[in-house]
Amino acid sequence: MLLACQKGHPLRSKPSSPSESPGKQGKPATSRKTRQAKPAKKRDLASLFGKLGLNTPQDFLLHFPIRYEDETCLSPIAQASAGQSIQFEAVVQSCELTYRPRRYLTARMRDDSGEIQLRWINFYPSQVQQMQAGKRWRVRGEVRAGFGGLEMVHPKVTSPSSPLPQSLTPIYPTTEGLAQKAIAQRIEQALNTLDLDDSLPEAVRDNLGLMPFRQAVDVLHRPAPGDDLDALVHRTHPAWVRVKFDELLAQQLSLANAREQRRLRQADPLFEPLDRVSYVQKLSTELPFQLTAAQQRVVQEIHADLAQTWPMHRLLQGDVGSGKTVVAALAAMRAIDHGKQAAVMAPTEILAEQHYLKLEPWAKALGLQCVWLSAGLPARIKRQALDAIASGQAQLVVGTQALIQQGVTFADLGLAIVDEQHRFGVSQRLALGEKANGRLPHQLTMSATPIPRSLAMTCFADLDVSVIDERPPGRLPVKTKLVSASRRAEVIEGLRESVASGGQVYWVCPLVEESEALQLQTATDTHEMLTAALEGLTVGLVHGKLHAKEKADVMQRFKAGEINVLVATTVIEVGVDVPNASQMVIEHAERFGLAQLHQLRGRVGRGTRESICLLLYEPPLSFDAKYRLKALYETDDGFEIARRDLQLRGPGEFLGARQSGLSLLRFADFEADAHWVEKAKLLCDELRAQQPEVAKCHMDRWMQSREAFLNG
Ligand code: ADP
Ligand code: MG
């Protein structure tokens, strides 16, 4: 132990992070403001604790240190070396106040082994008194190389008469104005008063090789001098493993609960009608293509869910172009088979409209009515649509968020389909669910972002997941090329060839993060430039600021082949389906996110024509941009792209919305702790089946109010 202490520990000397308490423990304050931070008054304390999410003793118990300081032993000054923390006891040799070039206080300290200088840039007059020659102090802090040898800036100075602590000193995450001591006290209280009995039976713990809970929290809050600090700080210590596992288990239990709650709710079972030819069968025979094996499988999964008496809550994942729309249509037909309505909602007007353009003719061919609803409809048409929805005359309804707004009443909504679910928050999903009178409609959410398994298990364990992992046959891979923007003129000339061979082109304008107006301007300029450069060809323009009708009009003309080159902003990012489009040019590709580029590229390569995607970039590329463009160049596998994207952005950003079980995790990391996720899932099922009281006790400790939002 002594050795470890003398050597100093690299992690102990880590500079204090901004989230640590100013001035109390750890590094003393350097600014006037923080130096004056007095212990907060009682009523402020509660609100400061509240800021950290610390309300109950339980919260304090689970508020773990970010690092530790070793104040358990003393070292000789001679062992001090730059960059390391040290604690020693020594006598003040001299003390000096300097005013130029700036005001500071220095003191020289000496013990039997050597001397070191202490320095303060901010200090109280009382500190000048404190450092008078001849006084003996215990000093602790980080050593650095100063002009005149080793020195310590703003060290912690205490009386040598108090006994050395027996355990390492924890440093907790805190907030401005909240002292470490205040937090530590409440944690101490929690440790002393709370029931720390294990929520898991000994046999289960032994089986998994887990440390008892009491021991784990004790180690984390008060590690002994011999404990493995590296492992504690890096969260690989067995104590951390226990805490993370507990959390993952609680999360699985909570998601399983949410799922069970859903099963307790009522929905009308939509089974296959045996006495007539179903709409599902009719549509299947109408389709101009054969379903892929993957499509058939997920349709079966969905139909099996629909036949249950509880509401379906299924996530349909499929890469761009995998053919989700037809699956959605076959699900909708099952609702219609039972005289019920189906609604399809998409996040943007363009996307919703693509669904409408596809679904409406299918519905019509079967003698069904499909209506369109969006915010921008003229009042009279909107009234008609609302009436058709309310009377049940419209069996299929397609639209944007307008579908979940006030004033929309369904006669009998049997199935709600939401496309691109990662763009919606939970509340929107639920609102659509409430549109059915009393009973819950079945819900199908579709996502074009394939989610890696470990993430899906942690964040969507309350959903059932179907994956379309196969593309329709005959698709040629899209050729992707990186082209420097300096070759723009060449690229433009190349478009003529594409068009001459019968293809159509998307020209995607760059994101302009700072300003939507600027983005619009760029799109308009590009449209003008291309119109001038490509005489004889028809160049169209579509962007977010167009009226719905104008947008629809442009898209319709592009689809019909009347427009050769379509200049577009990212409004086409999702769902747009024009199989004849075989070339895409993305300007300033380096500004787009990886998933976004993949989605954009997915707009071409939808027909049987060989397609090409040109990524125009402006050098020099940042490291991240290079990584993204390289990934896109190397693969068109949605799962692989998702994996890399996740690596770049982390799960919160990646999912785009604060939702799902992920927000139940504070300590565990779904990726680094992936094998524990699997074990937690197994134990979750086992406990629920065999020891529900254990499951409940475990949840009570961990979840409290955190899971309320999952029970939708
Ligand atoms: P996404 O999953 O991206 O929403 P879509 O549903 O828009 O994909 O389908 C992409 C294209 O593939 C559409 O033109 C669709 O008609 C076509 N398609 C879907 N399934 C098949 C299939 N089994 N065989 C051939 N083409 C298909
Ligand atoms: Mg789609």
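A quick yes/no check of all residues on (1) surrounded by fewer than 16 Cβ atoms within 10 Å (Cβ to Cβ); (2) closer than 26 Å to S322 by Cβ; (3) more than 16 Å from ligand 2 (Cβ to nearest atom); (4) of a type in the set (S, T, Y):
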site	(1), (2), (3), (4)
V467	no, yes, no, no
I492	no, no, yes, no
V499	no, no, yes, no
G502	yes, yes, yes, no
V508	no, yes, yes, no
A523	no, no, yes, no
M529	yes, no, yes, no
L541	no, no, yes, no
K545	yes, no, yes, no
inquiry  = For region 252-275, check the following and say yes or no: at least one residue is in contact (Cβ under 8 Å) with a residue 60 or more places away in the chain and closer than 30 Å to P473 by Cα.
reply    = yes
query = Taking helices (runs of 4 or more DSSP H) that fall entirely within region 186-300, which contain at least 2 residues that are more than 34 Å from the chain's Cα centre (by Cα)?
reply = 202-208, 279-286
task = Just give me the residues in region 298-324 being within 16 Å of ligand 1 (Cβ to nearest atom) and without any contact (Cβ under 8 Å) to a residue 60 or more places away in the chain, in sequence order.
result = V299, Q300
query = Among the residues of region 555-576, how many are at pLDDT 90 or above, within 21 Å of P510 (Cα to Cα) and open to solvent by 20 Å² or more (accessible area, probe 1.4 Å)?
reply = 1
ask   = Only one of E693, E671, E678 is outside any helix (DSSP H, G or I) and open to solvent by 70 Å² or more (accessible area, probe 1.4 Å); which?
value = E671
query = Do any strands (runs of 3 or more DSSP E) lying entirely in region 442-560 carry at least 1 residues that are under 29 Å from the mean Cα position of the chain (by Cα), and which ones are they?
reply = 442-447, 464-468, 479-484, 504-508
task = Identify the single condition in (1) under 19 Å from I404 (Cβ atoms); (2) out of contact with any helix residue (DSSP H, G or I) (no Cβ under 8 Å at 6 or more places or on another chain); (3) more than 13 Å from ligand 1 (Cβ to nearest atom) that A379 does not satisfy, given that it satisfies every other one.
result = (1)
Considering residues of region 597-613 that are touching a Ser or Thr at 6+ places or on another chain (Cβ under 8 Å), of a type outside the set (S, T, Y) and more than 16 Å from ligand 2 (Cβ to nearest atom) only, the residue most open to solvent (accessible area, probe 1.4 Å) = E610
note = When (1) over 24 Å from G321 (Cα atoms); (2) in contact with a helix residue (DSSP H, G or I) (Cβ under 6 Å, 6 or more places away or on another chain); (3) modelled with pLDDT under 85 are applied to F654, the one that fails is (1)
ask   = Which residue pairs have Cβ atoms under 7 Å apart, sit 6 or more places apart or on different chains, and have a first residue in region 59-73 that is over 17 Å from A179 (Cα atoms) and in a loop (DSSP other than H, G, I, E, B) and a second that is modelled with pLDDT under 90 and open to solvent by less than 10 Å² (accessible area, probe 1.4 Å)?
value = D70/L168; T72/L168
inquiry  = Take the conditions within 11 Å of ligand 2 (Cβ to nearest atom) and open to solvent by less than 20 Å² (accessible area, probe 1.4 Å) and apply them to L306. Does it pass?
reply    = no
ask   = If you take the residues of region 343-369 that are within 16 Å of ligand 1 (Cβ to nearest atom) and not in a helix (DSSP H, G or I), which of them is most open to solvent (accessible area, probe 1.4 Å)?
value = T348
message = Looking at region 618-629, can you tell me whether even one residue there is of a type in the set (A, V, I, L, M, F, W, C) and crowded, with 20+ Cβ neighbours inside 10 Å?
response = yes
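The values are calculated or read from the model by the stated rules, or taken from the named source; none is laboratory data. No experiment lies behind these values; they were computed from the predicted model shown. Note: ideal-geometry Cβ built from the backbone for every residue, glycine included; neighbour counts use all protein chains shown. In case anyone asks, the SASA skips ligands and DNA or RNA and just uses the protein heavy atoms, side chains included. Shrake-Rupley method; radii C 1.70, N 1.55, O 1.52, S 1.80 Å.
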